[in-house]
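Everything below concerns the one structure shown next.
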Amino acid sequence: MTTLDSGAALQHQVPRNRMLNVVRLQFVNTQTFIWVPALVLGGSWVLSIMIFWIIGGAGVTEVKAGGGSQAPLWYFLAIGIQAMTMTFPFSQAMSLTRREFFLGSLAAAAVSGLGMSLVFVLLGLFEQATGGYGINGYFAYLDWVWAAGPFAAALTYFTATMFFFTIGFWFATIFKRFGALGLTTVLLALGLALVGFIALATFQQAWPAVGQWFTNTGSLGLTLWAIPVTGLLAVGSYLTLRRMPA
């Protein structure tokens with residue numbers, strides 16, 4: 001290998017190693033990416049099973065499913081906020097570029113999200129095999145999510161974790177760059193846009209069509225739509241981070 005080739009290989013290796021340093025930096029505080037998500041998952045599972053057992057004890061034999069499984073997925077929004085606000089100053093002290101910090105943070109979230117998705121799929125398979133823990137109660141196995149099979153369900157869970165993480169990371173970046181006033185303005189703008197959509201669908205009497213679209217698209221279709229949306233959110237987050245002062 002020539003000296004030129006060695007230099008080119010080193011240039012590719014160093015950024016990769018620096019990005020891995022960001023991943024390690026994010027996992028220094030294991031509570032953010034491991035223990036608190038695990039606690040939220042375990043706590044919501046225990047509470048859900050207890051509620052299913054109580055309902056079953058009251059004589060209800062129908063399928064029981066709740067929204068407890070959403071809790072650990074929503075928590076990734078908090079992870080995104082913490083990954084930005086708690087770790088970014090340390091990354092600057094380590095002379096890491098914003099690009100390296102951003103990509104490394106996404107990689108750390110992906111590792112945690114993959115672990116969460118795996119747990120959900122294993123729980124769902126166990127629930128299928130045991131008839132909902134013998135009480136017809138389902139925490140991770142939701143028919144509409146699993147309609148296309150376990151791999152599609154895993155993709156849905158993983159995409160949800162990255163979607164919420166990216167939103168949290170971007171909101172935290174906006175706060176760090178523009179302060180509370182800027183973040184509040186953005187949230188109000190999003191609220192106005194949502195109210196505008198609700199008004200449009202209501203005045204046009206389009207709610208049946210909206211509901212039909214969600215039904216026809218299904219969980220996998222919505223997941224495939226969410227992937228590019230998450231990508232756009234990630235791009236916006238990076239562009240905001242790029243121009244943020246240290």
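For the stretch 18-242, with all protein chains in place and a probe radius of 1.4 Å, 75% of the accessible heavy-atom surface sits on carbon or sulfur.
With a 1.4 Å probe and every protein chain left in place, work out the accessible area per residue of the chain in Å², rounded to a whole number.
On the way: 13930 Å² over 246 residues.
Heavy-atom SASA per residue in the chain reads 57 Å².
Taking 0.36 nm per residue of separation and subtracting the current Cα-Cα distance, fully stretching the chain between T185 and S95 would add 29.2 nm.
Proximity of backbone amide H atoms, modeled 1.01 Å from N, is registered between Y138 and K64, A65, G66 at under 5 Å, excluding neighbours fewer than 5 places apart on the same chain. Two numbers describe the Cα atoms of the chain: Rg and Dmax, which are 21.3, 77 Å. Take the Cα of T217, step 7 Å toward its Cβ, do the same at Q205, and the gap between the two points is 2.4 nm. For the stretch 88-233, the calculated P(r) over all alpha carbon pairs, in 5 Å bins from 0 to the bin holding the longest distance, is 2, 8, 12, 14, 15, 15, 13, 10, 7, 3, 1, 0 percent.
In plain terms, the chain from F27 to A110 could stretch by 28.7 nm, reckoned as 0.36 nm per residue minus the Cα-Cα distance.
Here each label is just a point 7 Å from Cα along the line to Cβ, and for W35 and M50 those points are 2.2 nm apart.
The values are calculated or read from the model by the stated rules, or taken from the named source; none is laboratory data. What you see is a predicted model; the values in this text were computed from it and never measured. Ideal geometry is used to build each Cβ from the backbone, glycine not excepted, and the neighbour counts take in all protein chains shown. Protein only, heavy atoms only, side chains kept; ligands, DNA and RNA dropped before computing areas. Shrake-Rupley method; radii C 1.70, N 1.55, O 1.52, S 1.80 Å.
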